[in-house]
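Participant: Shown below is the structure under consideration.
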Amino acid sequence: MRKLGMTKEALDFVRGLEAKPFKQVMNKVLSLLGNPAPTDSIRMKGFEALYRTDIGENRIVYRFDADNVAIIVIGKRNDDEVCKQVDRKKP
């Protein structure tokens, strides 16, 4: 099974969520460990190794390999701030 890693920013965002969206986001994050390329994930343009997936009103940006899933950013999906955060963390 893959190992999960999350940036401090992603953890802080998740901790600030209310109960229902927290559960939705964390269920999606944990499901990425078993299947890091679900049908609803999209490779991000301009970021060769990054993928994004949406859950409810939130977007999860992550990368993965055979052993790890790294959550880079979690944020509101219609908020340009998610893309700005990813751009600042260019891998």
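The values are calculated or read from the model by the stated rules, or taken from the named source; none is laboratory data. Bear in mind that the values here come from a model prediction, so they are computed numbers and not experimental data. Every residue, glycine as well, gets a Cβ built from its backbone with ideal geometry; the counts of neighbours run over all protein chains shown.
Participant: Provide a single number: the residues in the stretch 7-49 that are closer than 19 Å to Asn78 by Cα and either in contact with a Phe, Trp or Tyr (Cβ under 7 Å, 6 or more places away or on another chain) or hydroxyl-bearing (Ser, Thr, Tyr) (or both).
Facilitator: Matching residues across the stretch 7-49 total 5.
Participant: Now for a different question. Where in the stretch 21-91 are there strands (runs of 3 or more DSSP E), lying wholly inside it, with at least 1 residues that are of a type outside the set (Val, Ile, Thr) and modelled with pLDDT under 90?
Facilitator: Here the list reads 68-76.
Participant: Keeping to the stretch 28-51, report how many residues are in contact (Cβ under 8 Å) with a residue 24 or more places away in the chain and more than 13 Å from Val14 (Cβ to Cβ).
Facilitator: The qualifying residues number 9.
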